[in-house]
Amino acid sequence: MEILSSLNPQQRAAVEQTEGALLVLAGAGSGKTRVITLRIAYLIAEKGVPPYNILAVTFTNKAAGEMRERVKALLQGQNLQSAPLISTFHSLCVRILRQDIEHLPEGYTKSFTIYDTSDSQKVIKACIKDLGLDEKQLSARVVQSAISSSKNQGEDFEMYASKVEYTDERRAAIARAFKMYEERLNNANALDFDDLLIKTVRLLRVSPEVREKYNNKFKYILVDEYQDTNPLQLALITLLTEKQQNICVVGD
Ligand SMILES: Nc1ncnc2c1ncn2[C@@H]1O[C@H](COP(=O)(O)OP(=O)(O)OP(=O)(O)O)[C@@H](O)[C@H]1O
Ligand SMILES: [Mg+2]
């Protein structure tokens, strides 16, 4: 393949080793993203993998956009019926949830709304007020950051509440606001930013059918900047690669 000639031997080996699990560790600026990009092109052009079977995950929209452009340029002239999915973790989650969130027991529908930080802060403010909590003692920002960090550790409000000690009034108050906030989001068919990853991981855990569907769809998975994945993102990738294990991760 023409494009492979632009790679050094290590990069080339990483591109050609398409089956199974591959971890590429190399320093900053050493050509890791280039390996991912060429690997996608190689899978499609040389291995005949249908593009819709390929998922590449990056961390920012900018990185995803650039990778899409690079892959498009490499595949120029090929008559392709589909495109690989090159996406951030967040947009991957939105895509999965838009199709399958109804498999979650909480009763969300596909037309769910996504609340940004300021939307969710408004809801938290209202919860603090309606619970009769003192806004000067407990600001919406403090509650929001407690909720967010708890969610990012994979905790729901019950787990959060279970950690409240008898004497910790402040944490008890946050737990009540957390609970009300979750109820209000659920009633409004809304998810906040942190929920996107959490609900997707949960969806893939609770529904073998949905898990199977995405395992079959994404037969080749590539992750850039692997060193930056958090435990929830790692859980998502693990759930998505349960069956095939054709996974390539690069990081430094
Ligand atoms: N084999 C190569 N020959 C020539 N140029 C290369 C080669 N591999 C990578 N480059 C160039 O080096 C630069 C860095 O490559 P790339 O972005 O793939 O590295 P990276 O390891 O992903 O970097 P970062 O650590 O910043 O994510 C790019 O401009 C790329 O085009
Ligand atoms: Mg890179």
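The values are calculated or read from the model by the stated rules, or taken from the named source; none is laboratory data. Everything numeric here is computed off the predicted structure, so don't read it as measured data. We place every Cβ from the backbone using ideal geometry, glycine too, and count neighbours over all the protein chains shown. For the accessible areas, the whole protein counts, side chains as well, though only heavy atoms, and no ligand, DNA or RNA atoms are used. Shrake-Rupley method; radii C 1.70, N 1.55, O 1.52, S 1.80 Å.
Summary of values
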read-out	value
Residue match in region 43-59 (condition: at pLDDT below 95, surrounded by fewer than 19 Cβ atoms within 10 Å (Cβ to Cβ) and within 19 Å of the chain's Cα centre (by Cα))	yes
Matching residues, region 1-21, being under 22 Å from the mean Cα position of the chain (by Cα) and open to solvent by 40 Å² or more (accessible area, probe 1.4 Å)	Ala21
Answer from Arg202, Arg211 - the residue that is assigned by TED's automatic domain parsing to the domain that holds Thr229 and either part of a loop (DSSP other than H, G, I, E, B) or open to solvent by less than 70 Å² (accessible area, probe 1.4 Å) (or both)	Arg211
Selected residue [crowded, with 19+ Cβ neighbours inside 10 Å, touching a Lys or Arg at 6+ places or on another chain (Cβ under 9 Å) and either part of a helix (DSSP H, G or I) or assigned by TED's automatic domain parsing to the domain that holds Gln244 (or both)] from Ile128, Ile124	Ile124
Pair list, Cβ < 7 Å and 6+ apart or interchain, from region 13-39 residues that are on the phi > 0 side of the Ramachandran plot to residues that are within 15 Å of ligand 2 (Cβ to nearest atom) and assigned to a helix (DSSP H, G or I)	Gly31/Gln11
Yes/no for Ala26 being in contact with a Pro (Cβ under 7 Å, 6 or more places away or on another chain) and surrounded by fewer than 16 Cβ atoms within 10 Å (Cβ to Cβ)	no
Tally, over region 6-56, of residues that are in contact with a Lys or Arg (Cβ under 9 Å, 6 or more places away or on another chain), within 10 Å of ligand 1 (Cβ to nearest atom) and farther than 18 Å from Arg68 by Cα	5
Options Ala177, Ala190; residue that is open to solvent by less than 30 Å² (accessible area, probe 1.4 Å) and either of a type in the set (D, E, K, R) or free of Cβ contacts under 8 Å to residues at least 60 places away in the same chain (or both)	Ala177
Cβ-Cβ under 6 Å pairs, at least 6 apart or on other chains, region 77-104 side over 17 Å from Leu222 (Cβ atoms) and basic (Lys, Arg), far side assigned to a loop (DSSP other than H, G, I, E, B) and open to solvent by 70 Å² or more (accessible area, probe 1.4 Å)	Arg98/Lys110
Within region 1-115, helices (runs of 4 or more DSSP H) holding 3 or more residues that are more than 16 Å from ligand 2 (Cβ to nearest atom) and out of contact with any helix residue (DSSP H, G or I) (no Cβ under 8 Å at 6 or more places or on another chain)	89-100
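Rundown of residues vs (1) outside any loop (DSSP other than H, G, I, E, B); (2) open to solvent by less than 90 Å² (accessible area, probe 1.4 Å), yes/no style:
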residue: Gly154; (1), (2): no, yes
residue: Ala161; (1), (2): yes, yes
residue: Glu165; (1), (2): no, no
residue: Glu183; (1), (2): yes, yes
